[in-house]
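Only one structure is covered here, and it is reproduced in the block below.
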Amino acid sequence: MNNLKGKTALVTGATSGIGEAVAKMLAQMGVDVILSARNEEKLKELQHKLQRDYNSIAILPLDVRDKKRTLDTIEDLLQTKEIDILINSAGLASGLDLFDEADIEDFEEMIDTNIKGLLYITRAILPQMRKRDKGHIVNLGSIAGVMAYPKGNVYCATKAAVGMLTDTLNVDLVDTNIRVSCVEPGAVETNFSNVRFKGDEKKAKKVYEGYKPLSAEDIAYLIIYILNVPDHVNIQHALIMPTAQRNPYMLKKEVEK
Ligand code: 8X3
């Protein structure tokens with residue numbers, strides 16, 4: 001069953017990790033994909049790669065933290081495109097420190113991207129979806145937004161906000177056919193920890209050692225499933241963890257002998 005063919009999707013954070021994996025899978029499903037991220041060169045590279053095999057792949061260079069540019073760019077985009085699917089996957093963790101020792105710049109970067117960026121994009125896209133009475137928004141939450149873990153502080157808070165925004169959007173959209181979903185992964189091996197630890201690859205690699213973490217593709221499969229279910233089905237939250245991890249505290253690691 002492919003309910004997605006011929007639809008148009010906008011994917012933020014499309015040049016890495018989960019965003020990139022979802023963009024590729026959407027293209028495979030025959031969706032016209034608009035790839036959005038900050039780095040234009042990377043966007044062009046991915047567009048070039050995908051265009052060889054799939055239909056329409058457009059790019060939208062954008063830093064979602066820039067309110068005015070985001071609102072203006074989306075307004076322009078909507079003059080010519082009807083967006084059926086919005087994947088809000090731009091987001092990051094910056095630092096893993098005790099709250100009282102953490103860098104306030106890190107707090108702001110996470111709030112600006114994970115919450116405010118998501119708000120700007122969604123606020124700009126949603127009126128068109130409401131007018132057409134159709135659309136599906138998928139937000140990238142996290143187990144971090146469901147359960148607090150040590151030193152997660154502001155990252156956990158931003159992802160809790162993403163989860164709650166999913167709920168409040170669903171409530172505000174009760175009289176429409178628009179669906180809003182939040183995917184909440186545990187440990188996924190992507191560039192995530194590398195960014196969190198600011199390029200300390202050794203520290204980043206350690207996070208995924210001794211067990212099989214999820215891959216970006218595992219999350220992309222789930223997102224495709226969520227998007228592809230019949231119109232009367234709205235999967236509002238989906239918590240997805242590696243089998244070795246049951247929550248942020250319970251992770252079965254093989255110990256080296
Ligand atoms: C990523 C998962 O557990 O590192 O959001 O916060 S975790």
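The values are calculated or read from the model by the stated rules, or taken from the named source; none is laboratory data. Worth saying up front: this structure is predicted, and the values here are computed from it rather than measured. Please note: Cβ atoms are built from the backbone with ideal geometry, for glycine as well, and neighbour counts cover all protein chains shown. Quick note on the areas: whole protein, heavy atoms, side chains included, nothing else; ligands and nucleic acids left out. Shrake-Rupley method; radii C 1.70, N 1.55, O 1.52, S 1.80 Å.
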Among (1) touching a Gly at 6+ places or on another chain (Cβ under 8 Å); (2) under 22 Å from ALA27 (Cβ atoms), the one test that MET241 misses:
(2)
Taking segment 230-255 as the region of interest, how many residues are free of Cβ contacts under 8 Å to residues at least 40 places away in the same chain, surrounded by 15 or more Cβ atoms within 10 Å (Cβ to Cβ) and out of contact with any strand residue (DSSP E or B) (no Cβ under 8 Å at 6 or more places or on another chain)?
0
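Per-residue answers, yes or no, for (1) more than 16 Å from the ligand (Cβ to nearest atom); (2) within 18 Å of LEU26 (Cβ to Cβ); (3) of a type in the set (Asp, Glu); (4) not in a helix (DSSP H, G or I):
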residue	(1), (2), (3), (4)
VAL195	no, no, no, no
LYS202	yes, no, no, no
GLU209	no, no, yes, yes
LYS212	no, no, no, yes
ILE219	no, yes, no, no
LEU222	no, yes, no, no
TYR225	yes, yes, no, no
HIS232	yes, no, no, yes
ARG246	no, no, no, yes
If a residue has to be hydrophobic (A, V, I, L, M, F, W, C) and surrounded by fewer than 17 Cβ atoms within 10 Å (Cβ to Cβ) to count, how many in segment 208-229 make the cut?
1
Subset of segment 23-35 (residues that are under 20 Å from GLU217 (Cβ atoms) and either open to solvent by less than 40 Å² (accessible area, probe 1.4 Å) or outside any helix (DSSP H, G or I) (or both))
ALA23, MET25, LEU26, ALA27, MET29, GLY30, VAL31, VAL33, LEU35
Can you tell which of GLU20, GLU82, GLU75, GLU41 is acidic (Asp, Glu) and within 24 Å of SER215 (Cα to Cα)?
GLU20
For segment 120-171, name all the residues that are within 11 Å of the ligand (Cβ to nearest atom), in a helix (DSSP H, G or I) and open to solvent by 20 Å² or more (accessible area, probe 1.4 Å).
GLY145
Looking at (1) crowded, with 19+ Cβ neighbours inside 10 Å; (2) part of a strand (DSSP E or B), find the lone condition where GLY95 falls short.
(2)
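Which residue is nearest to the chain's Cα centre (by Cα), if the candidates are limited to segment 1-38 and must be farther than 20 Å from GLY91 by Cα and touching a residue at least 60 places away in the same chain (Cβ under 8 Å)?
Pass one, segment 1-38, residues farther than 20 Å from GLY91 by Cα: 1-8, 27-32.
Right, trim to touching a residue at least 60 places away in the same chain (Cβ under 8 Å) and you get 1-4, 7-8, 29.
Numbers: MET1: 24, ASN2: 22, ASN3: 21, LEU4: 18, LYS7: 19, THR8: 17, MET29: 19 Å.
This residue is THR8.
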Exactly one of GLU254, GLU189, GLU201, GLU217 is farther than 23 Å from LYS116 by Cβ, of a type outside the set (Phe, Trp, Tyr) and touching a Phe, Trp or Tyr at 6+ places or on another chain (Cβ under 6 Å), and that one is GLU189
Search segment 48-92 for residues being among the polar types (S, T, N, Q) and more than 16 Å from the ligand (Cβ to nearest atom), and hand back the single one that is least open to solvent (accessible area, probe 1.4 Å).
THR70
Could you check how many residues of segment 36-91 are over 21 Å from ILE125 (Cα atoms) and not charged (D, E, K, R)?
8
